[in-house]
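S.K.: Got a structure for you, questions after.
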Number of protein chains: 4
Amino acid sequence: MSDSDTSIGRLREVVRQFVDERDWRQFHAPKNLSMALAIEAAELMEHFQWITPEASRAIGEDAEKLADVGEELADVLCYVLAIANELDLDLSSTFDDKMAKNRLKYPAEEYRGRYGPEDK
Amino acid sequence: MSDSDTSIGRLREVVRQFVDERDWRQFHAPKNLSMALAIEAAELMEHFQWITPEASRAIGEDAEKLADVGEELADVLCYVLAIANELDLDLSSTFDDKMAKNRLKYPAEEYRGRYGPEDK
Amino acid sequence: MSDSDTSIGRLREVVRQFVDERDWRQFHAPKNLSMALAIEAAELMEHFQWITPEASRAIGEDAEKLADVGEELADVLCYVLAIANELDLDLSSTFDDKMAKNRLKYPAEEYRGRYGPEDK
Amino acid sequence: MSDSDTSIGRLREVVRQFVDERDWRQFHAPKNLSMALAIEAAELMEHFQWITPEASRAIGEDAEKLADVGEELADVLCYVLAIANELDLDLSSTFDDKMAKNRLKYPAEEYRGRYGPEDK
């Protein structure tokens, strides 16, 4: 299975089953899950904190480091899915709606090559 | 489109196009993206910081708050996808591999109703 | 030495010497230090992610857990001081100025027992 | 008042009084405060996420940006002090103990110019 033929729904189901088998929904208040998500995001950052942005791009060429980074990214994704499960949120339509807002907030003409309002 | 018929690949393509149209790959070093991801995770936490875990579960019943929380979750997902794009990582197989590891690390029998080693 | 007779300046000097002895200023760009600070803050959160707010209050009564939490808090403080050192910021006056702003933003009469605008 | 003649104890007292006047101790469970700390750390990161490490060093020369960054750092410090207040932890001795551990973990000879074990 790869990203081209894997639905968000299937991944959500994997998380749901994992959580149910351990009776962990009792711990999965959105408050707690948001903490877990932020903690995993910090573990991902750990791989990059002391290196330059350029060096961080080169991590894709080091198979071992890439595998480590991939595991942290998977942990982050896992909690995104767990939160969607708890709140019964459809991620795909929520994502599409937010991207539509982003297109209006950051018109391509105005923001080409600029990361934000303060970058001129 | 909903989670059951939306592939990870389609969402990655939406992010890729958004980034390309703005010539933002120059800013998308994994180091920078990991910071952006952690910042969005913190914005999600903001909704829950002062309320109880129980109250955080009830957020699903308040349509306005749920929409706000959904937007933050979409932002987090957006950066997960952007990192996968930059590092050319297949998220689905990375996720499946990590969940297989998690099943070994947290055997269902041993961890049923316990969140971790210190919880007895 | 305790908090009543320890100046911020002395703690800053401890960090400065530690960093200089290792020739680590080359890594201490504020960008990198802000990541390190966020990572330590996440490690502090780890101790609390799955427990209730009430249980987190009780941690002060468990000497071993309190020591662990104290170490994480010290790590956070260390990076606050390192950032002040790099940016040549006087923390005390910066702190006093911000607290003056906070008193205006959150008048005691209006916010007594309420954590924010949405808490009525 | 500046860092050379300001004690940690005085700053803790400022936070304690601010919290008491608003009857906010009810919200100040260490769990909640650790979230607030991580959120403020993320707001500090926001100033640096898209710029290079070198550009982040130059922020000290831009008075307006430095003031903004200083406010975020003050917010982080405020929550460090609030957690110490809630847990009745002496920050100075906790900090000194942790720095002693750090000196053993990172001997100056071995780590001079290297940020960690993987940096050779």
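S.K.: Specify which residue in the list C:Leu77, C:Leu66, C:Leu91 is farthest towards the positive end of the charge dipole of segment C:52-120, using unit charges on the beta carbon of Lys, Arg (+1) and Asp, Glu (-1), about the Cα centre.
M.R.: C:Leu91
S.K.: Let me have the relative contact order for chain A, percent, based on Cα pairs under 8 Å that are six or more residues apart.
M.R.: Details: 48 pairs, mean separation 42.4, N = 120.
Taking the mean separation of contacting Cα pairs over the length of chain A, I get 35 percent.
S.K.: Further, regarding this structure: Between copies, how close do the D:Asp20 label points come, placed 7 Å along Cα→Cβ, listed in nm from shortest?
M.R.: Ordered by increasing distance: 3.9, 5.3, 6.2 nm.
S.K.: Related question: Over chain C, average the accessible area per residue using a 1.4 Å probe and give it in Å², no decimals. Walk me through the intermediate numbers first.
M.R.: Values: 5180 Å² over 120 residues.
With all protein chains present, chain C gives 43 Å² per residue.
S.K.: Using 0.36 nm times the number of residues separating D:Asp5 and D:Glu110, minus their current alpha carbon distance, what extension gain do you get? Please report the intermediate quantities before stating the final value.
M.R.: On the way: separation 105, 0.36 × 105 = 37.80 nm, distance 3.49 nm.
Stretched out fully, the D:Asp5 to D:Glu110 stretch lengthens by 34.3 nm.
S.K.: Post the alpha-carbon centroid distance, segment A:1-50 to segment B:51-71, in whole angstrom.
M.R.: Measuring centre to centre over Cα atoms gives 18 Å.
S.K.: Hey, what do the phi angles of segment C:69-84 turn into as Karplus ³J(HN,Hα) couplings, whole Hz, using 6.51/-1.76/1.60 and θ = phi - 60°, x for Gly and Pro?
M.R.: Residue by residue, segment C:69-84 yields 5, x, 5, 5, 5, 5, 4, 4, 4, 4, 6, 4, 5, 5, 5, 4 Hz.
S.K.: Report the charge-dipole magnitude of chain B in Debye, nearest 20, computed about the Cα centre from +1 at each Lys and Arg Cβ and -1 at each Asp and Glu Cβ. Spell out each step's value before the answer.
M.R.: On the way: 15 positive and 26 negative charges, 122 e Å.
Roughly 580 debye for chain B.
S.K.: Right, something else. For peptide C:54-65, compute the average count of partner chain beta-carbon atoms within 10 Å of each residue's beta-carbon. Provide the component values of the computation, followed by the final result.
M.R.: On the way: counts 3, 3, 8, 8, 2, 5, 5, 1, 0, 0, 0, 1.
Taking all residues of C:54-65 together, the mean is 3.
S.K.: Further, regarding this structure: Assigning unit charges at the beta carbon (Lys, Arg +1; Asp, Glu -1) and nothing else, what dipole magnitude in debye, to the nearest 20, does the protein assembly as shown show about its Cα centre?
M.R.: Details: 60 positive and 104 negative charges, 0 e Å.
Here the size comes out at about 0 debye.
S.K.: Which of rounded, prolate, oblate describes chain D, given a ≥ b ≥ c as roots of the alpha-carbon gyration tensor eigenvalues and a/c under 1.5 marking rounded, otherwise prolate only if a/b is larger than b/c?
M.R.: Numbers: a/c = 1.87, a/b = 1.29, b/c = 1.46.
Here chain D falls in the oblate category.
S.K.: Using the Cα centre as the reference, give the magnitude of the dipole from point charges on the C-beta atoms of segment C:1-58 (Lys, Arg: +1; Asp, Glu: -1; all else neutral), rounded to the nearest 20 debye.
M.R.: Details: 7 positive and 10 negative charges, 46 e Å.
Computed about the Cα centre, the dipole is about 220 debye.
S.K.: Between D:Asp62 and B:Glu61, what's the calculated FRET efficiency when r is the beta-carbon distance and R0 is 41 Å? Round to 0.05.
M.R.: So, using R0 = 41 Å, E works out to roughly 0.35.
S.K.: Could you give the angle, 0 to 90 degrees to the nearest 10, between helix C:8-21's Cα long axis and the longest principal axis of the Cα atoms of chain C?
M.R.: Orientation of helix C:8-21: about 40 degrees from the principal axis.
The values are calculated or read from the model by the stated rules, or taken from the named source; none is laboratory data. None of the values given here were measured: they were computed from a predicted structure. Every residue, glycine as well, gets a Cβ built from its backbone with ideal geometry; the counts of neighbours run over all protein chains shown. Note: areas computed on protein heavy atoms with side chains; ligands, DNA, RNA excluded. Shrake-Rupley method; radii C 1.70, N 1.55, O 1.52, S 1.80 Å.
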